[in-house]
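We did not get these values from a lab; they are worked out from the coordinates using the rules stated. Predicted, not measured: the structure shown is a model, and the values here were computed from it. Backbone-built Cβ (ideal geometry, glycine too); neighbour counts: all protein chains shown.
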Amino acid sequence: MLSDRRPILFANARIVDPSRDLDIVGDLLIADGVIREAKKGIGAAGVPEGTDVVECRGKLIAPGLVDMRAFIGEPGAGHRETFASASQAAAAGGVTTIICQPDTSPVIDDPATVDFVLRRARDTAIVHVHPMAALTKGLEGKEMTEIGLLKAAGAVAFTDGEKCITNAQVMRRSLTYARDFDALIVHQTEDPDLIGDGVMNESEFAARLGLLGIPKAAETVMLERDIRLVALSGGRYHAASVTCAESLEVLRRAKDAGLNVTASASINHITLNENDIGPYRTFLKVSPPLRAEDDRKALVEALARGLIDVVMSDHNPQDVETKRLPFAEAAAGAIGLETMLTAGLRLVHNGEIELITLLRAMSTRPAELLGIAGGTLKSGAPADVIVVDMDVPWIIDADQLKSKCKNSPFDEARMTGRVVRTIVAGRTVYEFV
Amino acid sequence: MTIAPKSSFVLSHRHLLGIEGLSATEISGLLDLGEEFVELNRQIEKKRSSLRGRTQINLFFEASTRTQSSFELAGKRLGADVMNMSVGQSAMRKGETLIDTAITLNAMHPDILVVRHHASGAVELLASKLDCSVINAGDGSHEHPTQALLDALTIRRNKGRIEGLLVAICGDILHSRVARSNIILLNAMGARVRVVAPSTLLPPGIERFGVEVARDMREGLAGADIVMMLRLQRERMNGSYVPSVSEYFHFYGLDQKKLSYAKPDALVMHPGPMNRGVEIDSIVADGAQSLIREQVEMGVAIRMAVLEALSRNLPHA
């Protein structure tokens, strides 16, 4: 790991800062762990003595990514991922802040566990880590957690992870109570009864594979319910992972009505569709399931319009034993910390989305929603910065990924553009040479 | 043996079902009468005869210590024959309806019935079927008029007035009959009322009750002359309305730090029974600013005042 005590000037870079709608060719100066300036023509003359000058030759400089949804195995499942391994993967993928999920063992549902996570991450991770805490005790969907004390301890949002809170009264009261603390509630809207035994998108393709489907209504029904409860309670709500066009319509109405509602889509859902499952490839079994190509297109279009606020990795390491099984029996989940930016760049290169829009959804917006530093290149902000070579072609080799588990849906995929340097609080934590 | 009451105040109602419907003059009259009984209760000879020959039945469908015993004492000091009925022994347990109970009781010719019931509106229902005077000793989450009156008497004796004071009522407003009666009374008497609670413990539309609403104690207690704490029921503590006792105490429990947000001469009240360490810290409950014990004393006096005032309207032989 490199230690950058001296100021650094990144010269002649393409600087994209979504927090200021900035996309220019210019220079970025970092000193003392913070961003001093990012603008056109600072030049070698305008920097303190002893500054390292890095000639960027048009490479992209952007705020480090804030990944709003990643499962890390600590506490309880360190064999799947640790803060150390996840942060290595994150750094290589340009993620400078990981938001870890509370569905661990024990569940992150009390202030002492939040404290453990923060200390453990501080001691072992090379990027920032903030936990979401459970919304209900033990993720049981029955009793709300100590939202006020958990927030004070450092929980940035409240969620039951992949579990859906089916009891509408619990959701209503949680939204109502959380509002007093300005706490964000994040919910994966999937009705477990409608999911039933389904394992992939309900479609002709599923029927041909002989797999039970999960209807889009499983998501939309629950999202619709939640929106009504948000209207009733005035809480701050974030749909954890929307996947289909029907949900986007629900979301649009909620936003038009001025409700405090935002949403994420995973990198998997904006870049892949159910056909990628092909011959029962379990690495493409995710929760919620990959949908049809029309849904994927609708998600990308919603992202471009700002209807979808955040793109997250939904990083979920699963080892071989849980994946090398018949499709219906395999665990859901895909790793994504290290590949989410490069996968997202596919959409940029294809002309499906503007670079600044993608970067906003992966950095500025999540930081804003969670009330944390990052996602900006404004003067005085922490120097969480990535340097990206937008044009370098490469092939993803899952074995080379830094995550403990190799369940990448992008194994052997051809990519264009990769992170070449990641800086967290002024320190270079990753460099591709 | 009897001391004649000085006050010739008469209440123009047959029942006392709530504070709603009482005028400021009637409230003041009851408080004045209560004041006289405070003096009487501090004497060695506490007995009067204004209810002599009258039958008072205390019908409690919900457990109560201080309300029931103070009504019993109040009735006895005024010379009434007092009978206590609690649900444990009554036919209600055997499936009798409330109206059948009323008809049965009516046949016993009581003069005054004091009722507590867990259902809002149950006391009014009983009153409509009975010939005697009915006093509401607490119905569900609706009203508890004698509590509001005793609170008002306590405030007036300590602050010299009610008008213009800022009273912060804190805690489980949603389920509290004490809060509702107090809000109505304090508004009628010209006090400023502020309710302080997490949103889950505030009833919808509370801002239209003529109160200010605060959701944290610092903001809620700022400038308060009186801090009135409410009891949080055990079954509402653990994740249903609030996450836990420790979180509730941390954010809404009255300790010395939070009390310091109120005026330096602010006084603390609690209708009891207290959950020490849940809504109130022992140091505050037992401290110099606490009126909690005085409230109990005022409870007997104000109930005597209510019994006395209603008895003046009873038919005489």
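Quick notes
- Calculated FRET value between residue B:83 and residue A:105, using beta carbons and R₀ = 45 Å, to 0.05: 0.15
- The trypsin sites (Lys or Arg not before Pro) of the range B:231-295 include none that DSSP puts in a loop with a beta carbon having at most 16 other beta carbons within 10 Å.
- Electrostatic bookkeeping for residue A:251 treats Lys and Arg as +1 and Asp and Glu as -1; over the other residues with beta carbon under 13 Å from its beta carbon, the sum is -4.
- Size descriptor, Kirkwood hydrodynamic radius, that averages inverse alpha-carbon separations across the range B:175-249, Å: 13.3 Å
- Compared with the alpha-carbon gap, the fully stretched path from residue A:24 to residue A:431 is longer by 144.2 nm at 0.36 nm per residue.
- Charge context of residue A:336, other residues only, Cβ under 10 angstrom, K/R +1, D/E -1: -2
- Rounded to the nearest 500, the helix-only mean residue ellipticity at 222 nm of the protein assembly as shown stands at -9500 deg cm²/dmol, with each DSSP H run of n ≥ 4 adding -39,500 (n - 2.57).
- Modelled label reach - residue A:349, point 7 Å along Cα→Cβ, the range A:395-433 residues with backbone N closer than 16 Å: A:395-397, A:410-420
- When the Cα convex hull of the protein assembly as shown is projected onto planes of every orientation, the mean area is 38.7 nm².
- Per-selection metrics, the range A:216-364 (Cα): Rg and Dmax in Å: 15.6, 47
- As a calculated quantity, the FRET efficiency between residue B:23 and residue B:66 at R0 = 30 Å, using C-beta atoms, amounts to about 0.65.
- For the range A:182-277, the convex hull spanned by the alpha carbon atoms encloses 93 Å³ per residue.
- To the nearest ten degrees, helix A:168-180 and the longest principal axis of the Cα atoms of chain A are 30 degrees apart.
- Neighbourhood charge, 15 Å Cβ-Cβ cut-off, centred on residue A:26 and excluding it, Lys, Arg +1 and Asp, Glu -1: +2
- Volume per residue of the convex hull around the Cα atoms, evaluated for the range A:63-370, comes out as 114 Å³.
- Fraction of C-alpha pairs exceeding 17 angstrom in the range A:310-433: 64 percent, rounded to a whole number.
- Considering only B:150, B:185, B:22, the mean-square fluctuation computed in a Gaussian network model of chain B, springs between alpha carbons under 10 angstrom, is largest for B:22.
- Longest DSSP-loop-exposure-free segment, trypsin sites (Lys or Arg not before Pro), chain A, at most 15 other Cβ within 10 Å: A:143-280
- Whole-Å distance, taken between Cα centres, linking the range A:162-229 and the range A:285-316: 15 Å
- Here each label is just a point 7 Å from Cα along the line to Cβ, and for residue A:34 and residue A:168 those points are 4.9 nm apart.
- Cα convex hull volume per residue for the range A:89-218 (Å³): 138 Å³
- Pair residue B:119, residue B:13: separation of 7 Å Cα→Cβ label points (nm): 2.2 nm
- Inter-label distance, nm, simple model (7 Å from Cα along the C-beta direction), residue A:231/residue B:238: 3.6 nm
- C-alpha center-to-center spacing [the range A:365-428, the range A:1-66] in angstrom: 17 Å
- Solvent-free Debye scattering, log10 I(q)/I(0), computed from the Cα coordinates of chain B at q = 0.07, 0.11 Å⁻¹: -0.27, -0.67
- Computed extension length for residue A:45-residue A:293: 84.1 nm, one decimal, from 0.36 nm per residue of separation with the Cα-Cα distance subtracted.
- Per DSSP, loop GluC sites (Glu not before Pro) in the range B:123-171 with at most 12 further Cβ within 10 Å: B:163
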